[in-house]
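Scroll down for the structure; my scribbles are underneath it.
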């Protein structure tokens, strides 16, 4: 007879889910016993790090990814990272151990007292099978739900004595062989009406959101924009976890500002805005004003019914962004509108001591590989990096759509594992690095060649900027003296160096990228926000 453990691993094997991210505890050991040799277990030293690793891997691979956590304490530690994964629409299948069934009613030590409620509202579905025999079916369901649009985490609590139970092989065969797919197109009438609105518009624009990249719609977005000569904007940076359009393209006009008033003002020159693969919009901070100017209409295309329903203005079509963009491009034909003027090339920031974040990013630009990937968690340097680097290939940029810190370091490692042929650079502030600093151990232990560029400004610059906007004075805890990321990295086994000046920074990054090893380069930058 087949055991639950054997059936579960065969199911994962059938789904090509043979990389598992975890931090094992006593309640997980029965699952991990006799671990299959064709599987890879990637250890993180803390559960939030584990979820961050899997988040990056799932996004960069495009596949559901298994995360194994330690009952209630482990799930609790991971909640902030699960929040980010939900915002990133990452298809994570999160399993957590549970106490023996015979001890659960007694609430013996490590019992998760209400396992299915604990991860809410951050998961699409959570479940604890009523019988051991139901575990394989529940696992299959968790995989399907995580992978269906809108993608996101699912959660399964599994009592530790379930793994050795026997299951019905015939039932398991049916469960493991099923495929469940979902990618919707708009109905013909809706597609034709949208095409006609776009044809008739005098000054239309496209807002390219992160789900264009996630759905594989990059080429379709370019084709539609070029056919219709559309000026293209990126989703506001705090909610734009991926790039949906090449940022060196002549039609690309820049990133929308992140608040209500300036977004409405920036889009006021357009009579129709097509927002694809994005919420409308990820606003923050609170700068009230008109959502859209008079005379400006908006249509959103999203695979997420909740995004469509909660939008504060405009019409919405719930459909797959890539398929809809391709169908629209096939339908609409070419426009004779005047194309917008291209953005000017980025200008180097003036040299200062310490250098500005823009100058540091410019130094990265000079050595950045053509097929490189950036994982970013330096809030005060986000706009500078996007403006200077102008990434222009699919799957080249990852940022936490949720805004919670602790994503960057582990996600960069997960992305590198999923894309071993492409070099990954994690650009991160020294404050942000502390939220998942244990990730460095994983990079060293598994020899994962991520280059970490730490921009050290000795403060929480983004919080000081928010304070300025909101007239907050005298807030404590915004300065970060004496953080030495290079020393911490060395302690975890990662080669590290502290550099000074543009030339040293460029040389240090070149050596790190060429080493084929995990490397950390730390450079002192001026405090404050860098906006260009």
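Could you give the length gained by full extension between residue 193 and residue 113, i.e. 0.36 nm per residue of separation minus their alpha carbon distance, to one decimal place?
Stretched fully, the residue 193-residue 113 segment lengthens by 23.6 nm.
For the stretch 24-76 and the stretch 164-224, write down the distance between their C-alpha centroids in whole Å.
Computed from Cα coordinates, the inter-centre distance equals 28 Å.
Given the peptides 277-287, 316-326, 475-485, arrange them by the average over their residues of other C-beta atoms within 10 Å, most packed first.
Highest to lowest by the protection proxy: 316-326, 277-287, 475-485.
Kirkwood hydrodynamic radius, the chain, all distinct C-alpha pairs: what's the number in Å?
24.2 Å
Tell me the Kirkwood radius of the stretch 372-528: reciprocal of the mean inverse pair distance over distinct alpha-carbon atoms, in Å.
15.8 Å
Place the peptides 355-362, 342-349 in order of packing, highest mean first, counting for every residue the other Cβ atoms within 10 Å and averaging per peptide.
Listed from highest to lowest mean packing, they are 355-362, 342-349.
Could you work out how far the C-alpha centroid of the stretch 372-413 sits from that of the stretch 494-521, in angstrom?
19 Å
Can you give me the relative contact order of the stretch 50-185 as a percent, contacts being Cα pairs under 8 Å and 6 or more apart?
Worked out over the stretch 50-185, it gives 26 percent.
What shape does the stretch 2-177 take by its C-alpha gyration tensor, where a ≥ b ≥ c are the square roots of the eigenvalues and a/c under 1.5 counts as rounded, a/b above b/c as prolate, and the rest as oblate?
rounded
Please report the projected area of the stretch 188-332's Cα convex hull averaged over all directions, in nm².
It is 7.5 nm².
If you average the sequence gap of Cα pairs under 8 Å that are 6 or more apart and divide by the length of the chain, what percent do you get for the contact order?
14 percent
What ranking do 251-262, 221-232, 148-159 get when scored by the average of other Cβ atoms within 10 Å per residue, highest first?
For the peptides 251-262, 221-232, 148-159, the packing ranking is 148-159, 221-232, 251-262.
What are the semi-axes of the equivalent ellipsoid of the stretch 455-532, taken as the square roots of 5 times the eigenvalues of the Cα gyration tensor, listed largest first and rounded to whole Å?
Ellipsoid semi-axes (Å, largest first): 30, 15, 9.
Taking a ≥ b ≥ c as the square roots of the Cα gyration tensor eigenvalues, with a/c under 1.5 meaning rounded and otherwise prolate when a/b beats b/c, else oblate, which class fits the stretch 221-299?
The shape class here is oblate.
Read the figures in this text as sums done on the coordinates, not as results from a lab. All values reported here derive from a predicted model rather than from experimental measurement. Methodologically, a virtual Cβ is constructed for each residue, glycine included, from the backbone with ideal geometry; neighbour enumeration extends over all protein chains shown.
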